[in-house]
Amino acid sequence: MEGAKNEIKRKSIEERQQMDELSRIRHSCAHVLATAVLRIWPDAKLDIGPPTDEGFYYDFDLEHRFTPEDFERIEAEMKKVVKENQTFDYSEKSRKEAKEYYQSINQPFKLERIDDIPESEKITFYKNGEFLDLCAGPHVPRTGNVKAFKLLRLAAAYYRGNEKNPQLQRIYGTAFKNKTQLKEWLEAQEEAKKRDHRKIGREQGLFTLSSTVGQGLVLWMPKGGIVRTELQNFMQSELLKRGYSPVFTPHIGSIELYKKSGHFPYYKDSQYPTIKADEEEEYLLKPMNCPHHIEIYAAEKHSYRELPIRLAEFGAVYRYEQSGELSGMTRVRGLTQDDAHVFCTPEQVETEIRDTVDLTLKTLRTLGLNDYRAQVSLRDPNSDKYTGDPANWDAAEETLGRVASDMNIAHEKAPGEAAFYGPKLDFMVKDCLGREWQLGTVQLDYNLPERFNLQYIGPDNTPHRPVMIHRAPFGSFERFMGILIEHFAGNFPLWLAPEQVRVLPITDLQNDYAQKIYSELKVAGIRANIDLSGEKIAAKIRSAETAKVHHMFIVGKKEIESESVSIRVHGKGDQGAKSVSEAISTLKIDISGRIL
RNA sequence: GCCCUUGUAGCUCAGUCGGUAGAGCGCGUCCUUGGUAAGGACGAGGUCACCGGUUCAAACCCGGUCAAGGGCUCCA
């Protein structure tokens, strides 16, 4: 499981000419920013300033450390530049002239960037006012066209995105066509923050993080535990329908196991230190489940008649992610994957891939997560970090791409994003702040069976090599839960709701009747509570609404007389009265149907 | 890991010029018996993240540590 990269790919001149108006405004605004910064700090060294999905940024290197207090000053200067209504003037220089220019004004990053431009392309510049910038364009005609902008935040960014290079100071900002759109966007951002799973998780008592327990180690609280259990039950029932066999393996494994699997050298940087039992024995907290499952497969001799063998486990794994990367439930150090490994014959690969993809799609559909992006993650042809026969890689990459196309899954190819042992079909979903996370994944692997010398006996009575499919429809319970909290804004559908029904007697006189209904709900297997506080009904309702309780059964004098309950649904208000038995049976149907 | 920001009650946050803490919500007790989003009274609750320094005196100033947040890099 992993996040996505945000690198800016170099665009051709043709692609740039296609840039839409908003991107032109943002790109031009980045130039306005650089103009302003240079006016205030003339010795700032500039790198690049492209538009992004939500705005733009510009990278600087200078002695002065930007602080958020500088924003006011910089924005004021930017407003002046806009007011001056400078034209953006295009010009070209020869490679030699361009280099001499940047040498003369001492702009080392710009100088180096010139070498990125292919020999076949022109070296182009745009000038607004006193600021001349190496730039492929395009721009709006004048700085006055930049009508609404705001600087957002500061960040450090490594030059050329490489950790070994110096860190530059990045200023992020955004710009829109007009002030109204800017205001709307800012308000939408505020709204989105209310959905943040970390905020809702705390408010609703779903999970917590304790620095005493450790960074990135999620503690599922009782209510979160209910949601997780329901998700797990759903997945378990799917697995059984689809012929998976549950297995269980321990949380640690001998370091020899990971050396054999090849994980060890790749994983070294992001694992907890090994556990030394004595001089001889060394163990690793398991960073993945595959080697354990492989040993289960390898424990017995298999005939082709038994295949495919599908070993499934909700397996806890531990990864020592960099501290700065940790985030709520979406990026953690201890996680539980809804993992399984399918061992099959080469002929069965396609059918098995189809079924795993089908399960992943069903999972997303069941939760109403329809806004996802699929990606076929391929190896980087220029890297040597991948193990195994290139012919197998080609076959595996081709199969995944073809299955995705056959199943009408819109997808793009992502070179360099494959696992070291094989290509993947990944399903990505965005969180409330627009960051993209990988959830479900299907990975095709010809290499681990090779490394572990796995076999099955074929119809020809000779040993053959099985193929492995790694797959996790949720990805991990932690990340999936984080995304799900935001997707539902904490308002879980009935089948997942930690508290499905709360019985609210109007006065103490109805407490006995309320208790009776509460018992019936419990007997029916419905997660119910009862509010026996001395509050007025309006206060009880408010308390249930803020707790996002799915159904409220309100009972007073009238309900006792007619053996009924008044039903109120969270966020939907009064739904009228129903007989007790009818109310309960409707709930049971909706719960077992997992309706959204 | 690196850069920037932040850390006061369970939560959200005040706290002036340095004189050892406040509010609202929540929680507890009591009063109120009320028909679809807040009835009232009283009360409990804090080593001001932690460690050190400056000072007669530190929530406040300085240094360090830890954690959280926003990015970058990494990511099986």
Q.
Being in a strand (DSSP E or B), closer than 22 Å to A:R594 by Cβ and either more than 7 Å from RNA strand B (Cβ to nearest atom) or in contact with a Pro (Cβ under 9 Å, 6 or more places away or on another chain) (or both): is that true of A:K548 here?
A. no
Q: State which residue is farthest from RNA strand B (Cβ to nearest atom) when the search covers only the range A:551-583 and only residues that are under 16 Å from A:A497 (Cα atoms) and among the aliphatic types (A, V, I, L, M).
A: A:V569
Q. Restricting to the range A:432-469, what's the tally of residues that are open to solvent by less than 20 Å² (accessible area, probe 1.4 Å) and either farther than 30 Å from A:M481 by Cα or out of contact with any Gly (no Cβ under 7 Å at 6 or more places or on another chain) (or both)?
A. 12
Q: Could you grab the pairs with beta carbons closer than 8 Å, sequence gap of 6+ or different chains, first residue in the range A:443-467 and aromatic (F, W, Y), second one assigned to a strand (DSSP E or B) and surrounded by 15 or more Cβ atoms within 10 Å (Cβ to Cβ)?
A: A:Y446/A:G422; A:Y446/A:V467; A:Y446/A:M468; A:Y456/A:F343; A:Y456/A:H464
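Of the residues that sit in the range A:415-434 and are assigned to a strand (DSSP E or B) and within 9 Å of RNA strand B (Cβ to nearest atom), which one is modelled with the highest pLDDT? Can you show your working first?
Within the range A:415-434, the first condition is being assigned to a strand (DSSP E or B), and the residues that meet it are A:415, A:419, A:422, A:424-430.
Adding the requirement that they be within 9 Å of RNA strand B (Cβ to nearest atom) leaves A:419, A:424.
Details: A:A419: 85, A:K424: 93.
In this case the residue turns out to be A:K424.
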Q: State whether the residues of the range A:554-568 include one that is at positive phi, part of a strand (DSSP E or B), open to solvent by less than 70 Å² (accessible area, probe 1.4 Å) and out of contact with any His (no Cβ under 6 Å at 6 or more places or on another chain).
A: no
Q | Selected residue (criterion: farthest from the chain's Cα centre (by Cα)) from residues of the range A:289-334 that are of a type in the set (S, T, N, Q) and under 30 Å from A:R198 (Cα atoms) | A | A:N289
**Q.** Number of the condition not met by A:P291 [criteria: (1) open to solvent by 30 Å² or more (accessible area, probe 1.4 Å); (2) touching a Gly at 6+ places or on another chain (Cβ under 7 Å); (3) within 29 Å of A:G401 (Cα to Cα)]
**A.** (1)
Q: Within the range A:489-526, track down each residue that is farther than 17 Å from A:L596 by Cα and in a loop (DSSP other than H, G, I, E, B).
A: A:I506, A:T507, A:A524, A:G525
**Q.** Residue in the range A:125-133 that is in a loop (DSSP other than H, G, I, E, B) and surrounded by fewer than 20 Cβ atoms within 10 Å (Cβ to Cβ) present
**A.** yes
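Tell me, yes or no, whether the range A:220-237 has at least one residue that is more than 9 Å from RNA strand B (Cβ to nearest atom) and touching a Pro at 6+ places or on another chain (Cβ under 6 Å). Outline the logic, then answer.
To start, the set of residues in the range A:220-237 that are more than 9 Å from RNA strand B (Cβ to nearest atom) comprises A:220-237.
Pick out the ones that are also touching a Pro at 6+ places or on another chain (Cβ under 6 Å) and you get A:223, A:226.
Yes, the range A:220-237 contains a residue that is more than 9 Å from RNA strand B (Cβ to nearest atom) and touching a Pro at 6+ places or on another chain (Cβ under 6 Å).
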Q) Any idea which of A:R319, A:R331 is near RNA strand B (Cβ under 10 Å from one of its atoms) and crowded, with 21+ Cβ neighbours inside 10 Å? A) A:R331
Q: Would you please name the residue that is most open to solvent (accessible area, probe 1.4 Å), looking only at residues in the range A:511-532 that are under 13 Å from A:V580 (Cβ atoms) and over 44 Å from the mean Cα position of the chain (by Cα)?
A: A:K516
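Any residue that is open to solvent by 80 Å² or more (accessible area, probe 1.4 Å), over 26 Å from A:Q455 (Cβ atoms) and more than 22 Å from the chain's Cα centre (by Cα) - is there at least one of those in the range A:252-265? Outline the logic, then answer.
Restricting attention to the range A:252-265, the residues satisfying the condition of being open to solvent by 80 Å² or more (accessible area, probe 1.4 Å) are A:256, A:259-260, A:265.
If we keep only those that are over 26 Å from A:Q455 (Cβ atoms) as well, we get none.
No - not one qualifying residue is present in the range A:252-265.
The values are calculated or read from the model by the stated rules, or taken from the named source; none is laboratory data. Please read these numbers as outputs of a predicted model, since none were measured by experiment. Note: ideal-geometry Cβ built from the backbone for every residue, glycine included; neighbour counts use all protein chains shown. Areas reflect the complete protein model, heavy atoms only, side chains present, ligands, DNA and RNA absent. Shrake-Rupley method; radii C 1.70, N 1.55, O 1.52, S 1.80 Å.
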